[in-house]
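The values are calculated or read from the model by the stated rules, or taken from the named source; none is laboratory data. Please read all numbers here as calculations on a predicted model, not as lab measurements. For neighbour counting, all protein chains shown are included, and Cβ atoms are generated from backbone atoms with ideal geometry for every residue, glycine included. With ligands, DNA and RNA removed, areas are computed over all heavy atoms of the protein, side chains included. Shrake-Rupley method; radii C 1.70, N 1.55, O 1.52, S 1.80 Å.
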Amino acid sequence: MSKKYTVITGASSGIGYETALAFAGKEKNMILIARRTEQLTELQKRIQKQYPTLDIIVKISDLSDKKQVYGLYESLKQYDIETWINNAGVGASGALMNNDLKQIERIIQVNIEATTILSTLYVKDYANVQGAQLINVSSAMGYVIALGNVAYSASKFFVSVLTEGLAAELKDAELQAKVLAPALTATAFIQQSSDSELDYKNYQLRSPQEVASYLMALYESTQTVGIVNEKNEFILSNAIFPV
Ligand code: NAP
């Protein structure tokens, strides 16, 4: 039997990094994707030291570049991928009229374009493979309009709708499509995408380890959505948007 792999995009830091450690704990072979080689190889070595029998592959790819996105998927055709996690994402905050347009383009390219292309390619190949799962990382801001982050929020609505819609389309197929919608998490992301007006010390931040444990709970469930709701609790639920 061929080896099975879990793909994690954005595994070089934050939620993706911790998710890779959590999947290592489940003895999963993995393909770890991001742009930063040093961080990914450090993670690869860390996992291989603790779990020497696991096959951990590093792929460097800039997901804001559509050609690299297609090339990445093509380079993974030889692997049997049981789970695909689209976690890589970027943000921006402040009123849209003040946002750097290049950053808005990156939001569209990474959060929307790469997630859609990789989800579609994976579903085309694995819709009828037993046990296959696609998990897309959205955000609680992908379920409520987050003022001060509207482009990011809109990009995550896209991720939520795409994934919930896919789950409905696949109800008679083998592959399960799921969406994780975390709330504010203490990662580099919130510094990179915040403006100086926002003081995150006033918010309750989750740790990336805790969010990785939410992703694992979603992975192990048959529910479609794992979300931090308006009561600030993590819950597993059916699809939220009406079909
Ligand atoms: P993070 O630590 O900044 O991680 C983002 C990951 O995405 C990094 O591994 C980064 O890797 C990768 N990435 C960014 N741009 C990329 C590109 N062009 N090509 C390839 N990889 C790229 O932030 P995080 O909080 O863990 O974010 C993970 C996901 O959670 C994102 O989708 C984010 O929207 C979502 N989320 C975060 C929060 C939060 O408060 N932190 C809340 C809800 C949802 P490289 O830089 O090495 O490429």
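General remarks:
- Protein-only accessible surface order, largest first, of E233, E169 at 1.4 Å: E169, E233
- Furthest towards positive pole of dipole, I57, Y73, I47, structure part segment 38-105, Cβ charges: I47
- Value of Rg to Rh for the chain (Rh from inverse mean 1/r over Cα pairs, i.e. Kirkwood): 0.94
- With a simple spin-label model that places each label point 7 Å from the Cα along the Cα-to-Cβ direction, the separation between Q191 and D55 comes to 3.7 nm.
- Our summary gives segment 1-49 a relative contact order of 40 percent, counting only alpha carbon pairs under 8 angstrom and 6 or more residues apart.
- Annotation: lysines with alpha-carbon distance below 23 angstrom to K231 (same-chain offsets under eight excluded): K156, K178, K201.
- Residues K3 and V243, FRET efficiency given R0 of 35 Å [Cβ-Cβ distance, rounded to 0.05]: 0.45
- Stretching the chain fully between S221 and R46 yields a gain of 60.2 nm (0.36 nm per residue, less the alpha carbon separation).
- Taking the empirical scaling 2.2 N^0.38 Å for compact globular proteins as reference, segment 1-69 has a Cα radius of gyration ratio of 1.06.
- Extension gain (nm, one decimal) between R35 and V144, 0.36 nm per residue minus Cα-Cα: 36.3 nm
- With the largest listed first and rounded to whole Å, the semi-axes of the equivalent ellipsoid of segment 1-115 from the Cα gyration tensor are 28, 16, 11.
- For segment 39-104, the average shadow cast by the Cα convex hull is 6.5 nm², which is a quarter of the hull's surface.
- Annotation for segment 86-105 versus segment 119-167: alpha-carbon center distance of 17 Å.
- Pairwise FRET efficiency - E74 versus K102, Cβ, R0 = 30 Å, nearest 0.05: 0.65
- For I117, the shell of other residues with beta-carbons less than 14 Å away shows a net charge of -2, using +1 for Lys and Arg and -1 for Asp and Glu.
- For peptides 99-107, 20-28, sequence by mean Cβ density within 10 Å, most packed first: 20-28, 99-107
- Dipole magnitude for segment 80-201: about 180 debye, using +1 per Lys or Arg Cβ and -1 per Asp or Glu Cβ, origin at the Cα centre.
- Simple point charges give the picture: +1 on the Cβ of Lys and Arg, -1 on the Cβ of Asp and Glu, and for the chain a dipole about the Cα centre of about 460 debye.
- Surface accessible to a 1.4 Å probe, per residue, for the residues of the chain, Å²: 49 Å²
- Charge dipole (debye, nearest 20) of segment 1-81; +1 at Cβ of Lys and Arg, -1 at Cβ of Asp and Glu: 80 debye
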